[in-house]
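Written out below as structure tokens is the structure these notes cover.
What follows is calculated from the coordinates using simple rules that are stated; it is not laboratory data. On a predicted model such as this, the values are computed, not experimentally measured, just so you know. Cβ: placed from backbone, ideal geometry, glycine included. Neighbour counts: every protein chain shown.
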Amino acid sequence: QRTKHEPLIIHKAKKAGIPTPIIYMIDLNSSTIVMEFVKGKRLKEMLDEISHEERRSLCRRIGILVGKLHKSGIIHGDLTTSNMILTPEGRIVFIDFGLSEQSFETESRGVDLHLMKRALLSTHFAYAEKCFVSIIEGYREVMGEKTEEILKKIREIEKRGRYISER
């Protein structure tokens with residue numbers, strides 16, 4: 001099922017303007033997907049190596065791309081800086097759509113962004129909050145008024161998590 005699902009989502013993401021690897025072959029019998037090797041660095045490894053201004057700009061661009069995903073009904077499911085590659089040409093390529101789903105629900109969008117925020121906090125603690133603010137700036141450029149509704153949902157999700165951890 002995943003072998004069929006992931007290429008379909010990648011194709012839909014590409015149509016929405018999201019840089020993704022090129023799929024060369026799908027073999028359902030052996031559950032194999034052969035796709036392009038994307039040259040570049042995972043954002044996880046390079047966010048520490050760039051200036052504050054470059055990081056802010058990159059995070060805003062991430063937000064625009066996530067907004068395009070969500071606007072087209074794609075929930076990535078694993079939005080981390082490990083699943084984004086910055087190519088030598090400066091493109092941000094999204095990879096690993098294995099946990100993705102199709103949804104226009106505010107809850108799904110909120111969970112996707114909440115997981116991104118948690119990933120930033122666990123991997124890039126020193127500047128996670130500023131990065132997330134920049135991501136939301138870019139996201140808002142695409143999602144407009146819907147952004148406030150989704151941010152409200154993220155706060156609700158965070159409260160659920162605190163309640164569980166306090167029990």
Worksheet item: How many nm separate the modelled label positions at Ala126 and Met35, each set 7 Å beyond the Cα in the direction of the Cβ?
Response: 3.1
Fill in: Centre separation in Å (Cα based) which lies between region 82-113 and region 1-31
13
Worksheet item: Looking at Gly40, Thr20, Val66, which one has the Cα that reaches farthest to the positive end of the dipole of region 1-79 (charges on Cβ: Lys, Arg +1; Asp, Glu -1)?
Response: Val66
Item to complete: Once you have a ≥ b ≥ c as the square roots of the Cα gyration tensor eigenvalues for region 32-91, tell me rounded if a/c is under 1.5, and otherwise prolate or oblate according to whether a/b is larger than b/c.
Response: oblate
Fill in: Entries in Lys41/Lys159; Lys4/Lys130; Lys39/Lys153; Lys41/Lys117; Lys14/Lys159 that, when Cα-Cα distance is taken, lie over 26 Å
Lys41/Lys159; Lys4/Lys130; Lys39/Lys153; Lys14/Lys159
Fill in: Amide H contacts under 5 Å for Met35, placed H, 5+ residues apart
Tyr24
Worksheet item: Using +1 on the beta carbon of Lys and Arg, -1 on that of Asp and Glu, and nothing else charged, what's the dipole of region 39-166 about the Cα centre, debye to 20?
Response: 80
Worksheet, complete the sentence: Once normalised by the length of the chain, the mean sequence separation of its alpha carbon contacts under 8 Å that are 6 or more apart gives a contact order in percent of 25
Worksheet entry | Span-like helix ranges in the chain, DSSP H, alpha carbon extent 24 angstrom or more, Kyte mean at least -1.0 | 52-71, 106-123
